[in-house]
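Here's the structure, in structure tokens; my notes come after.
Bear in mind these aren't lab numbers, they're just calculated from the coordinates by the rules spelled out. Please read all numbers here as calculations on a predicted model, not as lab measurements. For neighbour counting, all protein chains shown are included, and Cβ atoms are generated from backbone atoms with ideal geometry for every residue, glycine included.
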């Protein structure tokens with residue numbers, strides 16, 4: 001059974017490394033972002049299911065200008081309508097990708113680009129911890 005704990009530590013270390021590397025890559029990509037102000041012109045909704053239970057998430061549709069062009073695009077991050085702090089007509093700060101100007105996220109949502117990295121780090125640390133603690137619980 002000791003091999004299982006070693007495997008748990010190894011997989012945990014790989015998940016931790018993946019999370020840290022992807023966080024650094026994300027941080028580097030974010031340097032390529034340009035921030036501006038836009039106006040919320042609507043909301044796009046999507047139906048999702050968890051174990052057969054339907055629910056609805058939405059994202060803001062924002063209109064903003066880039067080099068004199070009017071861009072209308074949907075936020076990359078969907079959430080529950082109640083969690084959105086803005087209404088139609090609200091001015092919002094957004095950050096868009098210099099190489100793909102229709103790819104944006106709300107500037108006040110600093111954690112959104114790092115969610116996958118953070119999840120991998122948490123899983124990695126948990127697995128490493130379990131790999132060290134479980135052998136002593138016999």
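Take every pair of alpha-carbon atoms less than 8 Å apart whose residues are at least six positions apart; their mean separation over the length of the chain yields a relative contact order of 37 percent.
Helices in the chain, meaning DSSP H runs of at least 4 residues, each add -39500 (n - 2.57). Divided by all residues, the mean residue ellipticity at 222 nm is -12500 deg cm²/dmol.
This ranking places 90, 117 by how few other beta-carbon atoms lie within 10 Å of each, fewest first, which gives 90, 117. Distance between Cα centroids, segment 58-130 to segment 1-41: provide it in whole Å. About 16 Å separates the Cα centre of segment 58-130 from the one of segment 1-41. Counting only alpha carbon atoms, the long axis of helix 115-133 and the longest principal axis of the chain meet at about 10°.
Nearest 10 degrees, 0 to 90: what angle lies between the long axis of helix 2-30 and the longest principal axis of the chain (Cα atoms)? Result, in degrees: 20. Sorted ascending by nearby beta carbons within 10 Å, beginning with the fewest, 106, 1, 76 become 1, 76, 106. Where both bridge residues fall in segment 2-133, DSSP classifies roughly 100% of the beta bridges as antiparallel.
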